[in-house]
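Inspection log for the structure reproduced underneath, given as structure tokens.
The values are calculated or read from the model by the stated rules, or taken from the named source; none is laboratory data. The structure displayed is predicted, hence computed values, not measured ones. FYI the Cβ positions are ideal-geometry reconstructions off the backbone, even for glycines, and counts take in every protein chain you see. The protein model used for the area step is the full one, side chains on, heavy atoms only, and it has no ligands, DNA or RNA in it. Shrake-Rupley method; radii C 1.70, N 1.55, O 1.52, S 1.80 Å.
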Amino acid sequence: MNIWNWVALSGAVVLALIVVGAVRRRAGASASGRRFFRHPTAAPGLFVLAFFVMVALAAPLVAPFRPYEQIDIDHLQNHAPSTRYILGTDPLSRDVWSRLAHGARISLGIGALAMFVAVTIGAAVGATAGYFRRWVDTALMRLVDVGLAMPRIFALLVVVALWDRIAVPVLVLVIGLTGWFATSRLVRAEVLSLREREYVAAARALGARPSRVIVRHVLPNAAAPIIVSAALGIGNVMLLEAGLSFLGMGVPSPAPSWGNMIADGWSKMAVAPWSATFPGLAISLVVMALNAVGDALRDALDPRKEAV
Amino acid sequence: MIVWVVRRVAASIAIVWAVVTLTFFVIHAARGSPFLPESSQSVDPETIARITNQFGLDRPLWVQYVLYLRNLATGNLGESFALRRPVADALADAIPNTFVLALAALLIDFAVGLALGIYQAVRERSVGDIVLGNIALFVNSMPTFWLGLVLLLVFAQRLHAFPVGGLSDPVLCPRLDSAACLGDFVWHLTLPALTLGLVGAAGTARFQRAAMLEVIRQEYVRTARAKGLQERRVLLVHALRNALLPLITLVGLAFPFLLTGAVLVETVYAWPGMGQLAVRAILQRDYYVVTGAALVTSTMVVLGNLIADLLYAVADPRIRVRGAGA
Amino acid sequence: MQTPRPTVFAAVACLALLGSCERRGGCTGDHCGTLVIAYAGEPDILLPPVSEFAATRDVTEPIFLKLADLGPSGNTVSDEDFQPQLAERWEWDTPTTLVFHLDPRAHWQDGQAVTAADVAFTYQVYTDTLVNSPFRSSLRQISAVTTRDSLTVVFRFRQRYPEMFYDAVYHMRIMPSHLLREVPRDQWRSTAFGRAPVGDGPYRFVAWKAGQSIELAADSTFFLGRPYIRRLIWRFTPDQQVAVTQLLAGDADAIEVLITPDNVQRACADPKLACYPYKGSAYGYVGFNLAAPGDTTKPHPLFADRDLRRALVLATDRERPLHNVFGELARVPPGPMSQLWWIWDPEIRELPYDSAQAARLLKRLGWIDSDGDGIRDKDGHALSFRLLVPTTSAIRRQYARLLQESFRTAGVDVQLDEVDFSVFNERARAGRFDALLNVWNTDPTPSSGFPQTWTKAGFGRSNYGRYFNPQVDQLVDRAVSAAANRDQARRAWRSAFEMLNQDAPGIFLFATENVAAVNKRFTDVTIRPDSWLALVRSWRVPSDRLTDRDRVER
């Protein structure tokens, strides 16, 4: 790590703190915002997320080496953490910190994109089922039951293993396609209750198209459970990706992801634990932060809390 | 009530059927003749002829599907090319192992989770609550297999306190036929069950804490206190009873979690259960085992949900009144 | 030795259920001992004629006998250094007729005597095209095997050559004709006998728990001497690292190879283990597919070009990856050979590591980076290929990543296809790959293994890449049949290897030096490099060093 990397890293920390501070000030204005920050883990969680996002965005700046670079395979493999290689090197003499930073891009990116796919599909299906009810509802919800009946990793493995090589975009799509079921149930429940509100009935009476009613009036109010399940869902996707990589089915080499860093490093766990431990810690921290933020969001956006 | 039960059971069967159908067609969509090994060198012609005949591999797709369902009904799940035995036999050997693991993990999950959750709710906002809460959050956020690897490294490799994976000592206890061998089995079961159970326990603890806090704050508990009953009795009798209700849904939710976690944990600890069987079958392109495992896992998940729903209906009469729907 | 934890549970359980405990008595004396072998992998079927898995060879070694076996010197030429096994003596009737006299004490484990008919039957099975044994081509110089009486077998050869005795005895394990005669020849790969074999060797089969373990028990009536170790148990693990961990934790007693330097360091430093280095019989390489993937009638779009292959070999530094993966425990081979072969000679000419020359050659072939993405291209196609690697081998996965990066700096894009071992084998046999990272466990002499892999005789067998140079084939024939003149044979082999190296059908990466580890309580441990358990019946545990595992009576 040279001086510029340290500067960039400190910059990331400072920026993350600023972001959290700004959010906090903005949130203080509303009751839900105050409820959010009443959780002691909300602010630290937000900071951790902001920090890792900054690191992911600024990866080439904070990483002293390129993620594919095998620095010196003769002498520098499995090197313990030192001032030059702050998190050590892996069995192929690649700098763990550099791969962690670049891996943040891929792991967080997969998490966010897959969740985006899942939430979009889930919201669409749930809203449709809740709005139209009757046989549309029954049919779609039976589909959701089927989807929930198979453990997600099993379904993913079957699909991923069936095709010889899986490109990362396809992986994202497939993870998203197996993860929308819970969201759809939540959205459906919200839509069912919102459907009877006056403004919705008014819009329908005025003859607005169902899609317009759903998108303009219903969904914005159903946003709360969507956002919460998205926050928690990203964490699940990251854990899934790690599991898939561990079984050899994740992001292909040489691209770094936190999951495949664990898979690459675990055979040397006994003599060089850092190459598998740090990515595991990173995943745990980010998922922990997402859980904390998700919990706080759930409290903050819960309209029933207005009375208390 | 009976009507409701019958309806739920029928729906469950339909769900399992749909999963098997989906698996069947997805596998067929991917490659031409998936139910034969990629190269016939490793399997003898007689087996191939038998499979082709029984499952109609030379007939159109819908015929194959019907034959597959018919074979399923008679207990013929096909043949595993990698293990050289009928799929039903391989599953029959593997399922009890996963079942025992899941049960042990569930016990640890609820024992630790409940105790932790109750303690935290009672001592809300104390140092203990905050510290334990954060630890629970951290453990719940870990990849299960990573926790497994760490536990293996520390307790099995470094401290030699537990065995390095497997089901039993092949020398001293090839069969479970004595008290000592039972002890050996439990000793082998400890780390995998702990791995699965602790991650689940963290989640259960958080859930239980929130549920209990919500109940504690409610009016009727204050009423009970006002009546002058002992603090302890108030908690244990009133709050716990109501907070236990949502816990039953956790039992239903636990099944998919355990099966998912079992896939990875069984791989880390070389525990010969269904998760490991399914993973190896998928990686080895052994498709009859894959569809068989899909059948079994979805059945277990659906069964778990059914049991949870039944328990919930028994415990909370309000549910029974509601008709169809959710 | 650490206190076994099960006794804690057993003690508690004993107090609760009096009388149902395991008593501490059991086996005493010199013929106890249980050897638990940690093994990463599993046999496919315990029937030697139909399986080339190393695991099958290891497990069937103590079950089935050969006519005669290699001596400690490992010399495969002529018959002086061979040890009698099933055959108690032999003689040459003519220069091409070999007569074996079977030991009358030899018997199958179901009681029947071993007869000459068994030997003739075995030869028929090994050479039957329906059985399609991987060893069939090794027996091509034998024209007939007949019986003279119930204990006399006659081998007739097509010609006289130095290793004819080796070919007669080494490849075939004698099978019981009375138990296998009725099995249709095309069903040998799935017959029930292969899951519960009956042999004539020092150990008999007890149980096979699929995916977990195989157990063999000593045959106390074995005619060449009762084995000392009472039971052999293989524990199967999903990979090498788990096997080593079991060994270090005391759950297993022995392992065939430790492979990596850190494993060797940890095992040899462990007070309860003893390390045994021995010559390695394995070599690893990247093999190019000279035919189109999946279609052997067409040439490969990239690798049919000899110059391109040469450029790729020139571009690869083989020393540094070897050092990264193996430390000092392997050497770069001067061609497709293992360290066990007597023709090992670092002076054999091969293509050097010369990245400048490689770059020039690639440029001359038209591969230049026209779009600046770091990968060379020509006519719109990038210089890219897929490398097939089995996920079950950590060594090969590491090598694959090292090579991927080294090729990338040379402007070649390599994508890794990491698949399960069984899928890897099937793709290799079917030719559905661009290049593959393969490891061969060789026989003690090149004459049986080399033609199978690098000549036309290996098409459809082990020559996955379909490399064929008629001059190499000629040189190999000359080397194999050169009259017992070692120097002449050595020169012919050397020319064959040098010619093959110039054709660059692959990149020859490593030839291992093995280190086995065995628990110190086992004495008289001798390891034969070509088959490490060949002499296991003389290993023993002195009666004062017996542990619980050794004493258990089951």
Restricting the range C:398-418 to residues that are open to solvent by 40 Å² or more (accessible area, probe 1.4 Å) and away from chain B (no Cβ under 14 Å), the one nearest to the chain's Cα centre (by Cα) turns out to be C:Gln415
Residue pairs within 8 Å by beta carbon, gap of at least six or interchain, first lying in the range C:255-281 and closer than 15 Å to C:Ile527 by Cβ and of a type in the set (Lys, Arg), second open to solvent by 30 Å² or more (accessible area, probe 1.4 Å) and not in a loop (DSSP other than H, G, I, E, B), listed first then second, are C:Lys279/C:Glu513
By residue number, the members of the range C:289-319 that are without any contact (Cβ under 8 Å) to a residue 60 or more places away in the chain and closer than 30 Å to A:Asp74 by Cα are C:Asp307, C:Leu308, C:Ala311, C:Leu314, C:Glu319
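The rows are residues; the columns are (1) surrounded by 17 or more Cβ atoms within 10 Å (Cβ to Cβ); (2) within 28 Å of B:Asp93 (Cα to Cα); (3) of a type in the set (Gly, Ala, Ser); (4) under 24 Å from the mean Cα position of the chain (by Cα).
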{"site": "C:Phe157", "(1), (2), (3), (4)": "yes, no, no, no"}
{"site": "C:Arg160", "(1), (2), (3), (4)": "no, no, no, no"}
{"site": "C:Glu163", "(1), (2), (3), (4)": "yes, no, no, yes"}
{"site": "C:Ile174", "(1), (2), (3), (4)": "yes, no, no, yes"}
{"site": "C:Val198", "(1), (2), (3), (4)": "yes, yes, no, yes"}
Within the range C:121-155, restricting to residues that are in a helix (DSSP H, G or I) and over 22 Å from C:Pro84 (Cβ atoms), the one that is least open to solvent (accessible area, probe 1.4 Å) is C:Val125
Within the range B:67-85, residues within 12 Å of another protein chain (Cβ to nearest Cβ) and either in contact with a Gly (Cβ under 8 Å, 6 or more places away or on another chain) or of a type in the set (A, V, I, L, M) (or both) come out as B:Ala82, B:Leu83
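The rows are residues; the columns are (1) more than 14 Å from chain C (Cβ to nearest Cβ); (2) in a helix (DSSP H, G or I); (3) open to solvent by less than 40 Å² (accessible area, probe 1.4 Å); (4) not β-branched (Val, Ile, Thr).
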| residue | (1), (2), (3), (4) |
| --- | --- |
| A:Gly45 | yes, yes, yes, yes |
| A:Leu49 | yes, yes, yes, yes |
| A:Pro67 | no, no, yes, yes |
| A:Thr83 | yes, no, no, no |
| A:Ile86 | yes, no, no, no |
| A:Pro91 | no, no, yes, yes |
Considering the range A:262-279, residues that are in a helix (DSSP H, G or I) and touching a residue at least 60 places away in the same chain (Cβ under 8 Å), and then whichever is nearest to the other protein chains (Cβ to nearest Cβ), we arrive at A:Ser267
Only one of C:Ala511, C:Ala504 is out of contact with any Asp or Glu (no Cβ under 8 Å at 6 or more places or on another chain) and on the phi < 0 side of the Ramachandran plot, namely C:Ala511
Among C:Asp110, C:Asp69, C:Asp79, the single one that is closer than 27 Å to C:Trp234 by Cα, among the charged types (D, E, K, R) and under 28 Å from the mean Cα position of the chain (by Cα) is C:Asp69
When restricted to B:Leu103, B:Leu22, B:Leu61, the only residue open to solvent by 60 Å² or more (accessible area, probe 1.4 Å) and either modelled with pLDDT of 90 or more or within 14 Å of chain A (Cβ to nearest Cβ) (or both) is B:Leu22
- Do we have C:Thr526 as surrounded by fewer than 18 Cβ atoms within 10 Å (Cβ to Cβ) and more than 14 Å from every other protein chain (Cβ to nearest Cβ) here? yes
Checking B:Leu91, B:Leu36, B:Leu83 in turn, the sole residue that is crowded, with 16+ Cβ neighbours inside 10 Å, closer than 30 Å to C:Arg427 by Cβ and at pLDDT 80 or above turns out to be B:Leu91
Per the filter on the range C:51-65, residues farther than 17 Å from C:Gly211 by Cβ and open to solvent by 10 Å² or more (accessible area, probe 1.4 Å) are C:Glu52, C:Ala54, C:Arg57, C:Glu61
If we keep only residues of the range A:94-142 that are under 30 Å from A:Gly280 (Cβ atoms) and of a type in the set (D, E, K, R), then the residue most open to solvent (accessible area, probe 1.4 Å) is A:Arg105
Expected single match for at pLDDT 90 or above and closer than 22 Å to A:Ala222 by Cβ among A:Ala114, A:Ala104, A:Ala123 is A:Ala114
Exactly one of C:Asp110, C:Asp118 is in contact with a helix residue (DSSP H, G or I) (Cβ under 8 Å, 6 or more places away or on another chain), surrounded by fewer than 20 Cβ atoms within 10 Å (Cβ to Cβ) and under 16 Å from C:Pro176 (Cα atoms), and that residue is C:Asp110
Taking the range A:159-173 and keeping residues at the interface with another protein chain (Cβ under 7 Å from one of its Cβ atoms) and either open to solvent by less than 10 Å² (accessible area, probe 1.4 Å) or under 17 Å from the mean Cα position of the chain (by Cα) (or both) leaves A:Ala161, A:Leu162
Pairing a residue in the range C:414-430 that is over 16 Å from C:Leu402 (Cβ atoms) with any residue that is among the polar types (S, T, N, Q) and at pLDDT 90 or above, where Cβ atoms lie under 9 Å and the two sit 6 or more apart in sequence or on different chains, gives C:Phe424/C:Asn438; C:Ala428/C:Asn438
A careful count of residues in the range A:206-261 that are of a type in the set (S, T, N, Q) and within 14 Å of chain B (Cβ to nearest Cβ) gives 4
Of those in the range C:181-196 that are part of a loop (DSSP other than H, G, I, E, B) and out of contact with any Pro (no Cβ under 9 Å at 6 or more places or on another chain), the residue least open to solvent (accessible area, probe 1.4 Å) is C:Val183
Restricted to the range C:447-473 and to residues being part of a helix (DSSP H, G or I) and within 15 Å of the chain's Cα centre (by Cα), the residue surrounded by the most Cβ atoms within 10 Å (Cβ to Cβ) is C:Phe450
Please work out if C:Ala479 is at pLDDT below 90, crowded, with 22+ Cβ neighbours inside 10 Å, away from chain B (no Cβ under 14 Å) and touching a helix residue (DSSP H, G or I) at 6+ places or on another chain (Cβ under 9 Å).
-> yes
Restricted to the range B:144-184 and to residues being out of contact with any Leu (no Cβ under 8 Å at 6 or more places or on another chain) and not in a loop (DSSP other than H, G, I, E, B), the residue nearest to the other protein chains (Cβ to nearest Cβ) is B:Gly183
The condition of being among the aliphatic types (A, V, I, L, M), surrounded by fewer than 24 Cβ atoms within 10 Å (Cβ to Cβ) and in contact with a strand residue (DSSP E or B) (Cβ under 7 Å, 6 or more places away or on another chain) holds, among B:Ala308, B:Ala270, B:Ala313, B:Ala254, only for B:Ala270
Quick count over the range C:419-439, residues being more than 10 Å from chain B (Cβ to nearest Cβ) and assigned to a strand (DSSP E or B), is 5
